[in-house]
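Accompanying notes for the structure given below.
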């Protein structure tokens, strides 16, 4: 096993078949391919392909042969993609029209080497994200739009994303807004508490406040410990004596998981 894959888990859920025993292409099947191909350089391509083929051998026919054919098509696509991208050189794509053209070329390339069902299963999410990024760029650089129209257009464009991605973006915005609220209400804990409850709900707000309080306690403790550690270092201790002194100091400040956390942070100072 390549060193980079040691201790990792092979992706699952890729061995889906229909009632006739035929392979059903899934995003997980592409993940299986990429799991091994990511180790290219540690092992040769033939070695990695052999590993993928060994994994696919668990399938019954006709799914096994179909999976092997899909692997061959995917590898051919990867080679063709490399050739296509080489024609782009190092030119940075900075406008929506160029991005749209390149996306269309890559999309067509995928469906040249793979059937539409497989290409959709493998790349639907990637293509939705790419298209959203093009729309974002087009909207943000459109001088005819007012700020309000721009916000509305961006929100409309986001609706084309798969629901899990829309949810992730909503959560990201929530916490970005929260960071701004923390700064705005830094001197008004009651206002920040009210903001948390309105945005996240009472239960989540209480949990968030609890986590923040624990983090503040940790930060104060870590700062005091770091100051004492700096004073200890000034004493010129070395070797086992220094280690014993640091262990004692760490025991004075931390216990349990906090002690492990402090030890880990000390190791990267």
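No value in this document is a laboratory result; all are computed from the given coordinates. Keep in mind that this is a model prediction, so the values were computed, not measured. Note: ideal-geometry Cβ built from the backbone for every residue, glycine included; neighbour counts use all protein chains shown.
Miscellaneous remarks
- Rounded to the nearest 500, the helix-only mean residue ellipticity at 222 nm of the chain stands at -25000 deg cm²/dmol, with each DSSP H run of n ≥ 4 adding -39,500 (n - 2.57).
- Placing R0 at 45 angstrom, the Cβ-Cβ distance between residue 83 and residue 255 gives a FRET efficiency of 0.15 after rounding to 0.05.
- Using alpha-carbon coordinates, inclination of helix 45-56 to the longest axis of the chain, degrees: 90 degrees
- For the chain, the longest principal axis of the C-alpha atoms and the axis of helix 202-234 are separated by about 60°.
- Structural descriptor for the chain: relative contact order 10 percent, calculated from alpha carbon pairs under 8 angstrom and at least 6 residues apart.
- On the principal axes of its alpha carbon atoms, segment 1-89 extends 46, 33, 20 Å, with the longest extent given first.
- Part-to-part distance (alpha-carbon centres) for segment 16-31 and segment 83-126, which is given in Å: 23 Å
- Each peptide in 132-142, 241-251 receives the mean, over its residues, of other Cβ atoms within 10 Å, and ordering these scores from highest gives 132-142, 241-251.
- For segment 139-187 versus segment 33-68, the inter-centroid distance based on Cα atoms is 41 Å.
- When you count the other C-beta atoms within 10 angstrom of each residue and take the mean per peptide, 170-177, 191-198 line up highest first as 191-198, 170-177.
- In this simple spin-label approximation, residue 148 and residue 104 carry label points 7 Å from Cα along the Cα→Cβ vector, and these lie 3.5 nm apart.
- Label of the coordinate-derived value, Cα Rg over 2.2 N^0.38 Å, listed as [x] 1.77; [y] 0.98; [z] 1.45: [z]
- Peptides 155-161, 6-12, 25-31 ordered by average Cβ neighbours within 10 Å, highest first: 25-31, 155-161, 6-12
- Scattering from segment 212-269 was approximated by placing one identical point on each alpha carbon and applying the Debye formula without solvent; log10 I(q)/I(0) at 0.18, 0.25, 0.28, 0.31 1/Å stands at -0.61, -1.11, -1.32, -1.46.
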